[in-house]
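Student: My questions will all concern the structure given below.
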Amino acid sequence: MTDLIPETVVDLDALADGESAATEAAGPDVLDAVDEQLIDRLVGRAREGGLQLTGEGGLLAQLTKRLVESALEGELTDHLGYGKHDVEGRDGGNSRNGRRPKTVLTEVGPVEIDVPRDRDGSFEPKIVPKRTRRLSGSTSWSSRCPRRG
């Protein structure tokens with residue numbers, strides 16, 4: 001007799017609405033199931049829309065853009081000491097000051113990202129440093145990206 005482990009199903013819409021506390025408490029198996037469902041959902045949408053996996057504007061380029069921009073936002077939040085739209089940031093000196101476009105060269109091709117900036121220009125991104133155009137495959141995300149919670 002073969003023991004079958006049922007696949008964990010997680011409501012991704014509930015997670016998007018901020019109900020992640022229950023799934024985080026359930027452990028890594030639930031998070032793995034979320035990852036698998038998310039990947040399946042993304043690939044399904046890409047197929048339906050005729051989106052290519054690679055190339056300019058492809059699924060991998062879009063994922064890379066969002067991942068890098070999210071990590072940059074996390075870096076700026078750590079640098080400033082408060083989150084986006086937090087009351088703590090009002091009249092506190094240095095603050096967010098828009099974004100600037102930058103094209104980085106990645107293993108999936110060129111990707112246009114928006115790099116956040118601060119008012120006094122002291123923000124030095126670690127993921128894509130100033131005056132750097134290449135995002136190498138050897139980038140260690142865990143050592144460069146602050147954890148966002």
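The values are calculated or read from the model by the stated rules, or taken from the named source; none is laboratory data. In this text the structure is predicted, and so the values were computed from the model without any measurement. Positions of Cβ are backbone-derived with ideal geometry, glycine not excepted, and every protein chain shown enters the neighbour counts.
Student: Any idea which residue in the stretch 39-77 is nearest to the chain's Cα centre (by Cα), counting only those that are among the acidic types (Asp, Glu) and surrounded by 16 or more Cβ atoms within 10 Å (Cβ to Cβ)?
Tutor: Checked the stretch 39-77; the qualifying residue nearest to the chain's Cα centre (by Cα) is Glu69.
Student: Let me ask you something else. If I ask for residues that are crowded, with 16+ Cβ neighbours inside 10 Å, more than 13 Å from Glu69 (Cα to Cα) and at pLDDT below 90, which ones from the stretch 107-138 would you list?
Tutor: Result: Val108, single match.
Student: While we're looking at this one, here's another question. Output the residues belonging to the stretch 78-98 that are surrounded by 15 or more Cβ atoms within 10 Å (Cβ to Cβ) and assigned to a strand (DSSP E or B).
Tutor: Scanning the stretch 78-98 gives a single hit, Arg96.
Student: Could you check the stretch 58-110 and list, in sequence order, the residues that are hydroxyl-bearing (Ser, Thr, Tyr) and within 14 Å of Val128 (Cα to Cα)?
Tutor: If the condition is that a residue be hydroxyl-bearing (Ser, Thr, Tyr) and within 14 Å of Val128 (Cα to Cα), then Thr64, Ser70, Thr103, Thr106 are the ones that fit.
Student: Then there's this: Does the stretch 20-30 contain any residue that is modelled with pLDDT of 80 or more, surrounded by 13 or more Cβ atoms within 10 Å (Cβ to Cβ) and of a type in the set (Ser, Thr, Tyr)?
Tutor: The answer is no; no qualifying residue exists.
Student: Within the bounds of the stretch 108-121, is there any residue that is assigned to a helix (DSSP H, G or I) and not hydrophobic (A, V, I, L, M, F, W, C)?
Tutor: no
Student: Would you please list the contacts, defined by Cβ atoms under 8 Å and residues six or more apart or on different chains, that run from a residue in the stretch 71-99 that is touching a residue at least 60 places away in the same chain (Cβ under 8 Å) to a residue that is surrounded by fewer than 11 Cβ atoms within 10 Å (Cβ to Cβ)?
Tutor: Close Cβ pairs satisfying both conditions: Ala71/Trp141; Gly74/Arg147.
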